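The values are calculated or read from the model by the stated rules, or taken from the named source; none is laboratory data. In this text the structure is predicted, and so the values were computed from the model without any measurement. Virtual Cβ from ideal backbone geometry, glycine too; neighbours counted across all protein chains shown.
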Amino acid sequence: MIFKKNIINIFFIFLLQFVMSGSYAVEPDEILLNKKKELMARNISKNIRCMVCQNQSIDESNASLARDLRILIRNQIQKGKTEEEIYKFLTDRYGDFILLKPPFKLTTLALWFLPLAFVLLGIFIVYFHNKKSIKL
Amino acid sequence: MQRHILKIPFIVFFLILLVFFYLLMIDRNPSKIPSALLGSKVPNFEANSLFKKDKFYSSQEFTNEITLVNFFATWCKPCKDEHVYILRLSDEMGLNVIGINYKDKAEKTTKWLKKLGNPYSKIAIDNNGQIAIDWGVYGIPETFVVNSEGIIKYKHVGPITKKIYKEINLLVRGLQ
């Protein structure tokens, strides 16, 4: 019985780990009172790369620059700036690298289409190869 | 035709390998991020000055001479390491150097400069890091070269080493 209870406890601790893995670095004093605006800030922050750590978004990073950028984004939202204007403000200064998702434009065409091209090439080869095998 | 088709994956794979080897061989730093501000005008900002009582207005600077802009702080060890080169750029080359003191304490900076020497003609204070964000700075020390028309021509992230000092020296000579 005790053994069973322990297993259940371990299971819950394990489950809790997953729930808590979505932790973020936003500090209480940064949070906007207006829930809609705060949500907008959080959504933008999730797409902005922390330039110091490079593989985290500023929403998750504890770096001081990440905090400065989170505050800046919230200030701009308070001033009534739109999402596009805020993204533009940031890419004007830090380039496209600050966006975690690379934008779709002429210079990034290869990045977006090369995987698809490889898949098509693979299908093409398998198709022709199979056709040949059937004949045999 | 069909026999040749099976060779395609190998050719593609070989080409990808070639590209990877090429990128490994060339002298390249993958963590280096190109600045979005190269070739554009210096950001407009105003700040408190460290030594003078009047404010620092960027619109009044960068108008008639080549200027070096250096983001530094006394708490940053690499800033101390590069200081000797900034002094050389200022003293030996006669370059106008503007310092931007990033998240620091005024008394500490004054002491630091008294001890190490002051290469800066003016120092703007960036208490909350907003000027740094305007310049696309992400890790100090960072140094910019601005031409006499106020256009950013060069950016270096990290301390100025002997190699970078030579690079800036050549660039400034080219701009003059």
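Below is a table of values for the structure above.
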| quantity | calculated |
| --- | --- |
| Filter result (among the charged types (D, E, K, R), over 19 Å from the mean Cα position of the chain (by Cα) and within 14 Å of another protein chain (Cβ to nearest Cβ)) within the range B:1-60 | B:ARG3, B:LYS7 |
| Hey, A:ASN55 closer than 30 Å to B:LYS41 by Cα, within 14 Å of another protein chain (Cβ to nearest Cβ), surrounded by fewer than 17 Cβ atoms within 10 Å (Cβ to Cβ) and not aromatic (Phe, Trp, Tyr) or not | yes |
| Selection within the range A:83-113 - within 12 Å of another protein chain (Cβ to nearest Cβ) and surrounded by 11 or more Cβ atoms within 10 Å (Cβ to Cβ) | A:LYS88, A:PHE89, A:LEU90, A:THR91, A:ASP92, A:ARG93, A:TYR94, A:GLY95, A:ASP96, A:PHE97, A:ILE98, A:LEU99 |
| Pairs where the first residue, in the range A:55-70, is in the same structural domain as A:PHE97 (by TED's automatic domain parsing) and the second is of a type in the set (Lys, Arg), C-beta under 7 Å, 6+ apart | A:SER57/A:LYS46; A:SER57/A:ARG49; A:ILE58/A:ARG70; A:ASP59/A:ARG42; A:ASP59/A:LYS46 |
| Count - residues of the range B:1-13 that are out of contact with any His (no Cβ under 7 Å at 6 or more places or on another chain), surrounded by 10 or more Cβ atoms within 10 Å (Cβ to Cβ) and of a type outside the set (Val, Ile, Thr) | 4 |
| Qualifying residue in the range A:25-46 (condition: aliphatic (A, V, I, L, M), within 12 Å of chain B (Cβ to nearest Cβ) and buried (at least 18 other Cβ atoms within 10 Å of the Cβ)) | no |
